[in-house]
Amino acid sequence: MTVESGSPAVARSTRTRWRVMGVIGVAALIAGLVCGGTSGFCYRAGNDTTAPPAPPASEPSIGGIALFSTWPKGVKPEAVLVLSAQTFGFVQPCGCSRPQMGGLERRANFIKGLKDRGWTVAGVDLGDIYPDRHPIGVPPITAPSEQSLLKYAATMNALREMGYVAVGVGKTEFNAGLFKVVAQYGLQKEQPPYTLAGNVAGVADGKPVPRETFFPPAPGGTRPLVGVAEVAIVGGVPIGIVGVVGPTLAKEAEKLDPLLGFLGNKEMLTSATLALASHPKKPNLNVLL
């Protein structure tokens, strides 16, 4: 049977395809905007009194095209998943540019703009939330570890308010001591975003210690401080999220902390995939951090 391009069947198919692609298409766009934006911070010298340029009056755009201007009118995506990374503890704008290319405020406003469209939004982060040195060199004043831990907790609380489900682990978390960092947020209360790094384990007397033992649950909690996977319902779409540490970073982490070890990625991913396949929420889309 031949179906004409203008028929209701094709129209329904097109709408469905747009809604399904919303999960991936919007996420990919946000990854370039939000991820790059939050990691693209800069240091401004204290004696620089030059005022940054005024913000543009138009809506945010990429290449002169307003965000989502080509999205079909009246069609909502089934779910929107925000991908971000390398916040590096920058919880506020540095004041060096307008619009600000970093800071949680910009990310929160962006997510709010999506929600104001009536879209259901959730977020995941690849890691490096903990503060790190500035990418162009060490600034004149280096924050003490206590302040950095407070910034980490503040960022995690902000991500929760934005609707983030899970976060991965990056080099900055290992540099500062993984257990100390994740405990700063996870021991306070068992709540999202959950930290996922399924292949990390402990080492004691030269023998491996299971992750769930080395990173025990918070008092009264049921899940370890560092988990393997999480399944979230986003706008009616069940999404599976798995976190593992890549082999290059794993080798660096073992040098930084002799009490850490790592399981093979292949075995861990196979186990996580099977667990998601048998999960009662039956995820339709799986994401690897």
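The values are calculated or read from the model by the stated rules, or taken from the named source; none is laboratory data. Since we're looking at a predicted model, the values are computed, not measured. Counting neighbours? That spans all protein chains shown, and the Cβs are built from the backbone with ideal geometry, glycine included.
Please indicate, with yes or no, whether at least one residue in segment 59-66 is modelled with pLDDT of 75 or more and under 22 Å from the mean Cα position of the chain (by Cα). Taking every residue of segment 59-66 in turn, none turns out to be modelled with pLDDT of 75 or more and under 22 Å from the mean Cα position of the chain (by Cα). Could you tell me how many of the residues in segment 165-198 are touching a residue at least 40 places away in the same chain (Cβ under 8 Å), assigned to a strand (DSSP E or B), farther than 14 Å from Thr87 by Cα and not small (Gly, Ala, Ser)? Qualifying residue count, segment 165-198: 3.
Among the candidates Val200, Val209, Val181, the residue that is surrounded by fewer than 18 Cβ atoms within 10 Å (Cβ to Cβ), hydrophobic (A, V, I, L, M, F, W, C) and more than 15 Å from the chain's Cα centre (by Cα) is uniquely Val209.
Every residue, every condition in (1) at pLDDT below 95; (2) surrounded by fewer than 17 Cβ atoms within 10 Å (Cβ to Cβ); (3) within 18 Å of Ala229 (Cβ to Cβ), yes or no:
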site	(1), (2), (3)
Glu161	no, yes, no
Val167	no, no, yes
Thr172	yes, no, no
Lys189	yes, yes, no
Leu196	no, no, yes
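When segment 218-233 is filtered for residues that are more than 15 Å from Gly202 (Cα to Cα), touching a strand residue (DSSP E or B) at 6+ places or on another chain (Cβ under 6 Å) and assigned to a strand (DSSP E or B), the ones remaining, listed by number, are Ala229, Glu230, Val231, Ala232.
Identify, please: which residue in segment 266-289 is among the β-branched types (Val, Ile, Thr) and in a helix (DSSP H, G or I) and is, among those, surrounded by the fewest Cβ atoms within 10 Å (Cβ to Cβ)?
Applying the filter and picking the extreme gives Thr270.
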